[in-house]
Structures are given as C-alpha cells and as structure tokens.
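The values are calculated or read from the model by the stated rules, or taken from the named source; none is laboratory data. Everything numeric here is computed off the predicted structure, so don't read it as measured data. Virtual Cβ from ideal backbone geometry, glycine too; neighbours counted across all protein chains shown.
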Amino acid sequence: MSTLVYINSRDGIAKSATEAITYAKKLGEEVIAITTGGADDATLASLGEFGASKVLVERSVSNDDAQQLTKVIATAAASTGASTIVFSHDLIAKSVAPRLSVRLKAGLISGAIEIPQGDTVKVNVFSGKAFGAVKIASEQKIISVLPNSLQPEANGSVCTVEEFNGNAGEAKIKLIETKIPDGEIPLPEAELVVSAGRGLKGPENWGMVEGLAKTLGAATACSRPVADIGWRPHHEHVGQTGVAIRPNLYIAAGISGAIQHLAGVNGSKVIVVINTDSEAPFFKAADYGVLGDAFEVLPRLNEAIKKFKASN
Amino acid sequence: MKILVCISKSPDTTSKIAFTDGNSKFDENGVQYIVNPYDEWYALVRALELKEANGGTVSIINVGTTQDDAIIRKALAIGADDAVRIDANPTDAYYVSMQIAAYAKANSYDLVLTGKETINYNGSQVGGMISEAMDVPFLSLASKLEINGTTASLETEIVGGLQLVEVELPIVVSCAKGMAEQRIPNMRGIMAARTKPLNVVAPIEVEMLTSYESYTLPEAKSACRMIDPENMDELVELLHQEAKVI
Ligand SMILES: Cc1cc2nc3c(=O)[nH]c(=O)nc-3n(C[C@H](O)[C@H](O)[C@H](O)COP(=O)(O)OP(=O)(O)OC[C@H]3O[C@@H](n4cnc5c(N)ncnc54)[C@H](O)[C@@H]3O)c2cc1C
Ligand SMILES: Nc1ncnc2c1ncn2[C@@H]1O[C@H](COP(=O)(O)O)[C@@H](O)[C@H]1O
C-alpha cells in the first residue's frame with residue numbers, strides 16, 4: 001500500500017507541494033510523488049527530503065488539461081497500488097481531483113486542514129465560519145490539502161526520479177496564451193498579505209500599501225468594492241466572492257470587515273486591523289488593532305519594519 | 001445551442017451559522033436561502049448573454065427538495081427558459097454530480113455551467129465530477145467565455161495567473177468572477193417565472209462516497225489587542241516575538 005501525491009512542478013516546487021508530501025508522509029504509508037511539470041531531476045529528487053521515496057515524472061503532458069492529468073494520475077495510482085491520493089488544494093486540484101474521484105470511484109475530501117482523526121478529516125465549511133468532519137465511504141480515498149494548513153517537514157534525503165508513461169491520451173484543450181504577471185507573489189500562496197479597502201479613498205493612495213508589502217515581502221489584496229470600482233485589479237479581491245486566503249499574517253487597512261470579506265480571510269493565523277472607526281466590525285476578528293488613520297499608520301509601520309529588518 | 005446551468009441554494013451570507021442534533025446537522029432555524037452567488041451572478045447571467053447573442057435555450061438544473069423551488073423560481077425570473085429539479089437531498093457531491101451528468105447526457109447539452117463553488121460547503125467538486133462522468137473537457141474557474149460555432153474560447157485562472165484556451169463543445173465550465181455582471185430580475189421576469197416549466201424528476205440510483213459526520217464552530221477569538229497608532233515599533237515587536245509571523 002502507498003500514498004500517491006500529485007505535484008505541479010511547472011514553475012519549480014511550491015511550498016504547498018512540500019506541504020502535500022509532508023501530509024502524505026503522516027498517513028504512514030510509502031509516499032510516491034507523480035508530477036507532470038517541467039522541473040529538472042535534481043529539483044524533483046529534493047521531494048525525498050519531505051518523505052517521498054520516489055518521484056514519477058510524466059513529461060509528455062505539457063499544459064493543465066484536466067482530462068489528461070486525470071488519466072496520468074489514475075494510471076500512476078493503479079501501478080503504485082495507491083490507497084490514498086493526495087493533492088495540494090490549488091487550482092489544478094480543483095479541476096483534476098473531482099474528475100479522478102469519478103474515474104476511480106474514490107471519495108474526495110477537498111481542502112483538508114488536518115490529518116485524519118479516526119475515520120474523518122476536518123475541512124472548512126460555510127466559508128471558514130465552521131469546520132466539518134468528513135468521512136469517506138470508499139476503500140480508495142482522495143484528499144486535497146488546503147495550503148498553509150501544516151508546516152513542511154524536511155527530515156529525509158533525496159529520492160530517485162523515474163520517467164513515467166501515464167497514457168495521457170491527446171489534449172483536447174488548446175492553449176493559446178499564458179498570462180503570468182512576473183515579480184508578483186501570487187495571492188493564494190502568500191504567507192504575508194497587506195490589504196486595503198475603501199478607506200484609502202482612491203487608487204493614487206496605494207503606494208503606501210505597496211510600499212509596506214514590498215518591505216515585508218508580502219502580496220497585496222483588497223476588498224471587493226475597491227476591485228469593482230477599478231482601483232485595483234480583480235485578482236486582488238479577497239472574500240467570499242473573491243479569493244479565499246490563509247496567510248500567516250493579514251494586515252487590513254481601511255476595510256470595515258463585512259462578513260463577506262471576513263469569509264475569505266478568517267483562516268489567517270494573525271490579523272492586524274487599521275481603522276479610524278473603533279466600531280468597525282473587523283476589530284472583533286482581529287488579533288491586533290490600531291485605531292488610527294491608515295495614511296499615517298501605514299507609512300509608520302513600514303518604517304518600523306524597515307528598522308526591524310535592518311537590525312535582525 | 002443548449003445550455004444547462006447548475007444552481008444550488010446556499011444560506012444568505014449574513015446567516016447565523018449554528019448546528020443541531022449533537023452538532024451533526026446545520027441549524028436551518030431562521031436561515032434564508034439564496035441562489036449560490038457564483039451560480040446566479042456568473043454562470044446563469046453568462047448563459048443568458050450567450051443565448052441573447054447566439055440563440056438557443058438556457059435550462060436550470062438543481063438537485064434538491066421542494067425547499068429549493070424558491071431559488072429555482074428566482075433563476076427563472078432572471079431569465080432561464082425552464083428548470084428541472086432532481087428530487088433528492090444533495091448531501092454528497094458525487095451523488096449530485098452523477099444525477100446532473102445523467103440528465104445532461106440524456107438531453108445532449110452543448111454547455112454545462114456551474115458556479116466556482118457553493119459558499120456553504122466550498123467543495124469545488126461538482127463541475128469536475130460532471131465532466132468526468134460525461135467524458136468531456138472541464139474548464140475550471142473561467143473568468144471569460146465566448147462561443148464561436150462549436151468552439152469555445154475561455155480565460156481561466158491558473159496557479160499564479162491566467163490562461164487563454166480554445167476547446168470544442170460539449171464542455172463543462174465552472175464560472176468565477178469576471179464572467180458577467182449580476183442581473184436583478186424585473187417585475188415582468190418575476191411574473192413570467194411563475195408559469196415557466198419546473199419539472200420534478202426522480203433521482204437515479206447512485207451510492208454516496210462521502211458524508212459529513214459532525215460540525216464544530218471555531219473557538220471565539222480572544223479580544224483584539226489595541227496598539228498605540230504612534231507606536232508601530234511595539235506592533236512589529238509583537239508580530240515578531242508573540243505572534244511569530246515575521
Ligand atoms: C453576496 C455578497 C458578497 C460579497 N463578497 C465580498 C467579498 O468577497 N469581499 C469583500 O471585500 N466584500 C464583499 N462584499 C461586500 C461587503 O459586504 C462590503 O460591502 C465590503 O467588504 C466593504 O468594503 P470596504 O471595507 O473596503 O469598504 P467600507 O465598508 O466602505 O469600509 C471602509 C472602512 O475604512 C475605514 N476608514 C475610512 N477612512 C480611513 C482611514 N483614513 N484610515 C483607516 N480606516 C479608514 C472606515 O472606518 C470603514 O471601516 C459582498 C457583498 C455581498 C452582498
Ligand atoms: N445540489 C445541487 N444542484 C445543482 N447544482 C449544484 C448542486 N450543488 C452544487 N451544484 C453546482 O456545482 C457548483 C460547485 O459546487 P460544490 O462542488 O459544492 O462547491 C455550484 O456552484 C453549483 O453550480
């Protein structure tokens with residue numbers, strides 16, 4: 001028996017991939033990784049440090065065609081006798097894991113936040129306002145692990161990498177163009193996030209937000225109205241109808257903390273709220289609050305962090 | 001072109017979240033149900049725009065009980081032509097998907113649209129499961145969808161960015177922000193919805209693969225610690241020493 005982990009390695013190995021391997025390792029069976037990405041063998045071999053005993057690499061599949069990936073992973077699951085298949089709950093898992101569930105008739109748990117306790121696995125439900133314990137009835141199981149739910153543990157050593165033919169079939173989806181803004185930290189992956197809302201009054205004031213984010217090495221985010229009016233790009237909108245994030249630190253300036261906003265950020269480990277209104281609902285969800293004007297507080301915080309970084 | 005839009009209900013976003021029966025069931029006391037926002041704002045409205053541009057029909061499908069009829073009527077009021085409700089309790093994504101896939105195959109839809117996820121269970125499972133059961137491509141988290149003859153052009157989210165793709169119909173698409181703008185039903189739509197067909201059909205036999213055993217609420221946050229706005233050095237120190245996040 002083994003646990004198979006799908007890893008997207010197109011842009012190297014993301015932290016979420018090492019989390020998925022660590023999670024799989026904790027299930028107690030041999031861990032084998034399957035990847036379709038472009039990373040070189042040395043990079044892939046490093047997955048052994050997190051507990052993989054072997055990495056299978058299928059190089060004939062180039063883009064994210066969910067049908068092809070499903071076939072490749074199903075083939076690998078059969079050839080490795082996998083009892084559980086683990087994904088990181090990213091955009092690829094969201095399209096591939098459900099397909100695989102149907103193909104293998106294996107129950108799927110999406111967005112696991114803990115390793116199984118007995119026969120159930122904990123997930124977020126109601127947009128992070130509660131937890132559910134889900135049980136899988138089938139013998140074979142699929143679990144996709146929510147990013148930032150556990151710390152990667154590297155206490156193994158490099159493993160072998162083998163070429164793998166997954167019988168992917170032909171691609172039905174024709175890739176025309178990929179648009180990946182360079183230099184930016186993708187929001188769902190970010191561990192630190194600086195976010196701002198309508199309290200900032202206009203797009204011309206976002207320099208303070210970007211400046212602080214740059215000092216911290218954080219991604220930037222915003223509330224929905226700010227994206228809707230066009231002050232900020234849509235992909236920065238967090239909340240129930242935008243991106244849901246779980247960074248270690250979420251700094252929110254000039255955001256009231258409406259329930260729909262909180263739904264996307266209340267999984268954050270630590271929340272700092274900067275607001276001029278002591279009645280702002282966000283303070284109830286915050287760990288640290290600053291009652292003050294974002295126009296003064298943000299630059300001051302930026303300076304304080306610069307000073308901290310210089311002395312540490 | 002025949003378009004099928006999958007609609008689920010979700011508790012109004014301001015609903016109080018609580019559980020009953022030894023924390024094994026969602027407490028529906030006083031809960032108002034709405035059409036899951038992604039299904040309504042993005043999937044349904046884009047389907048209607050495509051129909052307006054290219055002709056065809058837009059049908060609604062829901063796996064649910066009589067309790068769901070109100071949200072189905074709302075979707076009809078926004079402009080769908082007809083609706084079908086598969087009469088069953090939608091507790092497992094696999095079960096729901098197999099119902100929808102069987103219906104979509106039997107009635108040869110060109111395009112099946114779902115929302116990005118339901119805001120109560122946040123599974124993002126149903127669309128992908130339908131596509132595998134239909135053996136057609138699945139485009140997840142689409143922010144743009146154009147149809148040209150039998151070819152669809154889409155913009156979808158990928159890790160770190162977006163991709164533009166082309167694919168032949170039939171396909172299943174899960175719809176995210178960017179697809180369309182919310183439409184408010186007008187009086188004529190609401191009147192018309194009353195007489196549009198809503199067919200109730202019996203479910204097919206499908207086993208369930210997963211079940212929710214129990215629920216818990218997060219522990220209440222300890223009170224927020226207020227920091228002097230003049231003293232950001234203190235905040236940085238706390239974030240470093242106490243919270244250990246920087
Ligand atoms: C179905 C539905 C889904 C939704 N989904 C989302 C979602 O996904 N994400 C989302 O964000 N919203 C969402 N919303 C909207 C949400 O309800 C709020 O309207 C929105 O989050 C408010 O944005 P805001 O906090 O930026 O603006 P406001 O509510 O206008 O708040 C601005 C805040 O800034 C403070 N402020 C003003 N000046 C300053 C200053 N100089 N310094 C510091 N603070 C200042 C004010 O005190 C206030 O608290 C949704 C709404 C609905 C109905
Ligand atoms: N009971 C249901 N009936 C019809 N469509 C559904 C149902 N449940 C989910 N869906 C569709 O599947 C999408 C994703 O749901 P989920 O996989 O539960 O996050 C939703 O946005 C709906 O479009």
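Tabulated results
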| quantity | calculated |
| --- | --- |
| Search result, residues across the range A:262-312 that are within 16 Å of ligand 2 (Cβ to nearest atom) and touching a strand residue (DSSP E or B) at 6+ places or on another chain (Cβ under 8 Å) | A:Gly264 |
| B:Ala83 being in contact (Cβ under 8 Å) with a residue 12 or more places away in the chain, small (Gly, Ala, Ser), buried (at least 21 other Cβ atoms within 10 Å of the Cβ) and more than 16 Å from ligand 1 (Cβ to nearest atom) | yes |
| Qualifying positions in the range A:246-261 - without any contact (Cβ under 8 Å) to a residue 60 or more places away in the chain, crowded, with 24+ Cβ neighbours inside 10 Å and among the aliphatic types (A, V, I, L, M) | A:Ile251, A:Ala252, A:Ala253 |
| Subset of the range B:205-222 that is more than 9 Å from chain A (Cβ to nearest Cβ) and over 22 Å from the mean Cα position of the chain (by Cα) - its residue that is farthest from A:Glu279 (Cα to Cα) | B:Glu205 |
| Elements of type strands (runs of 3 or more DSSP E) contained in the range B:88-201, each with 1 or more residues being at pLDDT 95 or above and more than 8 Å from chain A (Cβ to nearest Cβ) | B:111-115, B:138-148, B:151-158, B:171-175, B:198-201 |
| The range A:170-183, subset among the charged types (D, E, K, R) and more than 8 Å from chain B (Cβ to nearest Cβ), residue nearest to ligand 1 (Cβ to nearest atom) | A:Asp182 |
| Checklist (1) in contact (Cβ under 8 Å) with a residue 60 or more places away in the chain; (2) near ligand 1 (Cβ under 9 Å from one of its atoms) applied to A:Gly267, failing item | (2) |
| Boolean, A:Ile143 is of a type in the set (Val, Ile, Thr), assigned to a loop (DSSP other than H, G, I, E, B) and touching a residue at least 24 places away in the same chain (Cβ under 8 Å) | no |
| Qualifying residue in the range B:39-50 (condition: basic (Lys, Arg), in a helix (DSSP H, G or I) and in contact (Cβ under 8 Å) with a residue 40 or more places away in the chain) | yes |
| Qualifying residue in the range B:217-239 (condition: out of contact with any Ser or Thr (no Cβ under 6 Å at 6 or more places or on another chain), of a type in the set (Val, Ile, Thr) and surrounded by 17 or more Cβ atoms within 10 Å (Cβ to Cβ)) | yes |
| Spans of helices (runs of 4 or more DSSP H) in the range A:1-110 with at least 2 residues crowded, with 22+ Cβ neighbours inside 10 Å | A:15-25, A:66-80, A:91-104 |
| Of all residues making up the range A:195-219, the number that are within 14 Å of ligand 1 (Cβ to nearest atom) and closer than 24 Å to B:Ile158 by Cβ | 1 |
| Any hit, the range A:260-269, residues being modelled with pLDDT of 95 or more, in contact with a helix residue (DSSP H, G or I) (Cβ under 9 Å, 6 or more places away or on another chain) and part of a loop (DSSP other than H, G, I, E, B) | no |
